[in-house]
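Values in this text are rule-based calculations from the coordinates and carry no lab data. Here the structure is a predicted model, which means the values were calculated and not measured. As a convention, Cβ positions derive from the backbone with ideal geometry for all residues, glycine included, and neighbour counts pool all protein chains shown.
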Amino acid sequence: MVVELYEQYVPVIPFIIIGVLIPAGGMILAWLMRVKNPYPEKLTTYECGEEPIGQAQMQFDVQYYIYALLFVVFDVETVFLYPWAVVFPDIGILAVIEMIIFIAMLVVALIYAWKKGILEWMPLTWREMVIREGGRAR
Amino acid sequence: MRKVAGDIIAFYVLAFLAIAASIMVMEAQDIFHGALYLALVFASVAGLFILLTAEFLAAIQILVYAGAVLVLILFAIVFTRRDRKGEEVSRGHMIAGVLLVAGLVALLLQPLLRVPWPASLIEPSGPNTYSVGLSLFTDYVIPFEIVSLALLAALIGAVYLSKREVGS
């Protein structure tokens, strides 16, 4: 009997169900068992005793975006490593050379980004911070 | 008989998840939640790829779309200002959106209408990650190496753009 490919993925189903049940079950159980006595003090955002200022969904520094972009590039590179790893025993040394060229090209990209100072964190000046908070710089 | 039922049930569950999550992407009050629903859409589509025995495509779907593209979208959301929430959509935008969607639907209907239904199944020639790898590293080596150049160009472009952002 031919085993269809998707049948190999049947074990994934209980895995997903358990993965959903653990957090959901934990929250439902806690909701059933806990004492419900909310008062204003208790409903404040937990911030180590400090009153939080502003919204949690603030605007983050755009500098993080370059890390996201770098991540995407190297993520796509990883995609090509999968089929490479599978066929590598049958193609041998040629595949190794091909992959070294491929990775070398991306190492060039990484060195370029590094040399351009992209990986350095640029702290905001005081003026920029004031503007970001919605105030006016002096 | 049992086998057939199994994959049909899986298809309907995944298709339902994909469609329901797509609707939630648009209906979510918070755009950040919308982006998280998009992750569910990507994951369900990956499941559909597995049902089509396109295992490698499913892995890419998870890795690149649910992983990288979604991270980009989430990052883009947290980097933009949130105080423009609840802005009215202008009539011009509405018309442009309708036209765009109509065009996309027309484009997608083309292949759907050309296929004689029910479509015949194409049997995969072997384990498909292996087949992809084999043709990628023997017949299509040059395109494969060009991909690395494209990635290099993408990265240099990103560096160039963000550099100007920081410098200004």
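Between A:Ile53 and A:Phe74, the simple label model (points 7 Å from Cα in the Cβ direction) yields a spacing of 3.5 nm.
Computed from backbone phi, the HN-Hα couplings of the stretch B:69-74 come to 4, 5, 4, 4, 5, 4 Hz, rounded to whole numbers (Karplus: 6.51 cos²θ - 1.76 cosθ + 1.60, θ = phi - 60°; Gly and Pro given as x).
If you take the beta carbon distance between A:Met122 and B:Trp117 as r and set R0 to 45 Å, what does 1/(1 + (r/R0)^6) give as a FRET efficiency, to the nearest 0.05? The calculated FRET efficiency here is 0.20.
When A:Lys42, A:Lys116 are sorted by how many other C-beta atoms sit within 10 angstrom of their C-beta, beginning with the fewest, the order is A:Lys42, A:Lys116. Counting neighbouring beta carbons within 10 Å and listing from fewest to most, the residues A:Leu43, A:Leu70, B:Leu109 come out as A:Leu43, B:Leu109, A:Leu70.
Backbone geometry of the stretch A:79-86 corresponds, through the Karplus equation with coefficients 6.51, -1.76 and 1.60 at θ = phi - 60°, to 3J(HN,Hα) couplings of 4, 6, 6, 4, x, 4, 5, 6 Hz, x marking Gly and Pro.
Longest span of chain B, sites excluded, free of GluC sites (Glu not before Pro) in DSSP loop with at most 14 other C-beta atoms within 10 Å? It works out to B:1-86.
Figure legend: label point modelled 7 angstrom from the Cα of B:Val89 along Cα→Cβ; residues of the stretch B:26-55 with amide N under 12 Å from it are B:26-28. For the stretch A:12-114, the set of GluC sites (Glu not before Pro) satisfying both a DSSP loop assignment and a count of at most 16 other C-beta atoms within 10 Å is given as A:Glu41, A:Glu47, A:Glu50. Dividing the summed -39500 (n - 2.57) terms of all DSSP H runs of n ≥ 4 by the residue count of chain B sets its mean residue ellipticity at 222 nm at -25000 deg cm²/dmol. Each Lys or Arg adds one and each Asp or Glu takes one away; over the other residues whose Cβ falls under 13 Å from the Cβ of A:Tyr82, this sums to -3.
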